[in-house]
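*Asks:* Would you mind keeping the following structure in view while I ask a few things?
Please treat every number below as a calculation from the coordinates, not as lab data. Worth saying up front: this structure is predicted, and the values here are computed from it rather than measured. Please note: Cβ atoms are built from the backbone with ideal geometry, for glycine as well, and neighbour counts cover all protein chains shown.
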């Protein structure tokens, strides 16, 4: 499509001008390294440095916190949807905790759990929890009434109704929540490493900022962006396989 | 009245029980006071902060940065979004760039911004504006592209020029999406305000929270977190009220 080509051209032009303004000395600033230097540094660090371990540290924290968060979210979401009384009991507390910006939870968690992985995993799990819980609850409560009525006509037992009707019907919502949680959890992982970290990409980023190693700092940003992109793509691929049958009801 | 009570009662009771439980645990020495102060202590600090007028300063600082950043980011995003939504060439030109920049967590942009702009307000406002820009832009584009073509064609037939068309037809028609984007961006903007203050601040709520933590003044830290949560909640209510006022005419076309 002609339109998209112009967009890609724009990106190329911007990258080129970044490179040139830096190399020709048009912009003389330590904070303006040439793109090639960033990429070269990236390759160098990956091969000879410990960039792989850094990324691994971030990803392992992220994965652990994410899985715990979404599991808790699914369980709570289903419980809230199926047992309205429990929902009425605990929803206000959750609604009170939800608006608290995630970085504001870092200091108290640091007091409780220190600056180690436990604190970061906890805050990642908490962040991942909310979108999944809300979406699951919405999905489970919003199952097509017709399906439930048909099940009742056929006198289907509650377990079968749960397994065969409610769960598949909720799955698209759960996955949507999981996708939102994915992005949020990655951000919180990086932020917690920035604010109170000792390893991981976020910590590396802030470290490079303090050391004014701007090429490595931008490289870290590239890495973070690439991580987000890759995780999202992987998730979409998995989603497409799982719910190929889903078409939103108009 | 009875219905409302029945709805609110279970949650309220659990909340009160939780707070009372924490209070008792702290008093009994089960939880270290340095970690989790008694809720009544936090409440007392909150009261003192309000009475002494110490809340206004930092809160105003943070909200001012948020407000300015939001105004800049949202305005640019709406203008660009409308342009991208209306002219396919503009859309094609900028869409790959936007898609490239969008996945970058805006918090990760704070360190380079610090190198460029220092640790002052300019850095914080810029990072807030960046965080606000993308959600509003994407939602505006979605809204503008989804405007009923019949409306646009009718306007063109009646000889409406592009700029008034954008302002009077496409903008109102995309308003629901724009508001959804605004609601999301306020939350993100607040997060970035807090982060930028934590990483490189000298004032404001975010800075105070981390400062109190470092100084182990735990009760103050929790007090400020509570204030932050309340602010976030009130901002959300504010947007919802504005939404209701501006979108009273809008009915979601999808009804099950």
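*Asks:* Among A:134, A:11, A:70, which one shows the highest mean-square fluctuation when chain A is modelled as a Gaussian network with alpha-carbon springs under 10 Å?
*Replies:* A:11
*Asks:* Going by C-beta contacts inside 10 Å, put B:197, A:91 in order with the fewest on the left.
*Replies:* A:91, B:197
*Asks:* Moving on to the next point. Once both axes come from the Cα atoms, what is the angle between helix A:167-196 and the longest principal axis of chain A, in degrees from 0 to 90, rounded to 10?
*Replies:* Once rounded, the angle reads 30 degrees.
*Asks:* Sorted from fewest to most neighbouring beta carbons within 10 Å, what does the list B:99, B:61 look like?
*Replies:* If I rank by nearby Cβ atoms, fewest first, I get B:99, B:61.
*Asks:* For the range A:9-75 and the range B:180-246, what is the centre-to-centre distance using only Cα atoms, to the nearest Å?
*Replies:* Distance between centres, Cα-based: 28 Å.
*Asks:* If you don't mind, another one. Would you calculate the separation in nanometres between label points at residue B:87 and residue B:24, each defined as 7 Å from the Cα along the Cα-to-beta-carbon direction?
*Replies:* About 6.8 nm separates the two model spin labels.
*Asks:* Give the shape of chain B as rounded, prolate or oblate, defined through the alpha-carbon gyration tensor: a ≥ b ≥ c are the square roots of its eigenvalues, a/c under 1.5 means rounded, and otherwise the shape is prolate if a/b is larger than b/c and oblate if not.
*Replies:* oblate
*Asks:* Turning to a different aspect of this structure: Over chain A, what is the mean sequence separation of C-alpha contacts under 8 Å (at least six apart), divided by residue count, expressed as relative contact order in percent?
*Replies:* 24
*Asks:* At R0 = 56 Å, how high is the FRET efficiency between residue A:113 and residue B:168 if r is their beta carbon distance? Nearest 0.05 is fine.
*Replies:* 0.55
*Asks:* Run the simple label-point estimate for residue A:240 and residue A:162 please: 7 Å along Cα→C-beta, distance reported in nm.
*Replies:* Taking the two extended label points, one gets 3.4 nm.
*Asks:* On a 0 to 90° scale, report how tilted helix B:88-101 is relative to the longest principal axis of chain B, with both axes built from alpha carbons and the result rounded to the nearest 10.
*Replies:* 30
*Asks:* Classify the protein assembly as shown as rounded, prolate or oblate, taking a ≥ b ≥ c as the square roots of the eigenvalues of its Cα gyration tensor: rounded when a/c is under 1.5, otherwise prolate if a/b is larger than b/c and oblate if not.
*Replies:* rounded
*Asks:* What is the range A:9-120's relative contact order, in percent, from Cα pairs under 8 angstrom and six or more apart in sequence?
*Replies:* 13
*Asks:* Run the numbers for residue B:97 and residue B:4: contour at 0.36 nm per residue of separation, minus the present Cα-Cα distance, in nm.
*Replies:* 28.5 nm is the gain from fully extending residue B:97 to residue B:4.
*Asks:* How far is the Cα center of the range B:25-56 from the Cα center of the range A:104-173, in Å?
*Replies:* 33
*Asks:* Of the candidates B:151, B:100, B:166, which one comes out as most mobile in a Gaussian network treatment of chain B with C-alpha springs shorter than 10 Å?
*Replies:* Of B:151, B:100, B:166, the Gaussian network model singles out B:100 as fluctuating most.
*Asks:* Something else about it: Running a GNM on chain B with Cα contacts under 10 Å, which residue among B:115, B:137, B:63 ends up with the highest mean-square fluctuation?
*Replies:* B:115
*Asks:* Sticking with the crude label model, points 7 Å out along Cα→Cβ, report the distance from residue B:116 to residue A:94 in nm, one decimal please.
*Replies:* Spacing of the two 7 Å Cα→Cβ label points: 4.0 nm.
*Asks:* Let me have the relative contact order for chain B, percent, based on Cα pairs under 8 Å that are six or more residues apart.
*Replies:* 24
*Asks:* Tell me the angle of helix A:35-48 to the major Cα principal axis of chain A, expressed in degrees between 0 and 90 and rounded to the nearest ten.
*Replies:* Helix A:35-48 sits at roughly 70 degrees to that axis.
*Asks:* In deg cm²/dmol and to the nearest 500, what is the mean residue ellipticity at 222 nm of chain B if only DSSP H runs of at least 4 residues count, each as -39500 (n - 2.57), divided by the residue total? Walk me through the numbers on the way to the answer.
*Replies:* Working: 11 runs with 200 residues, N = 256.
Using -39500 (n - 2.57) per qualifying helix, the result is -26500 deg cm²/dmol.
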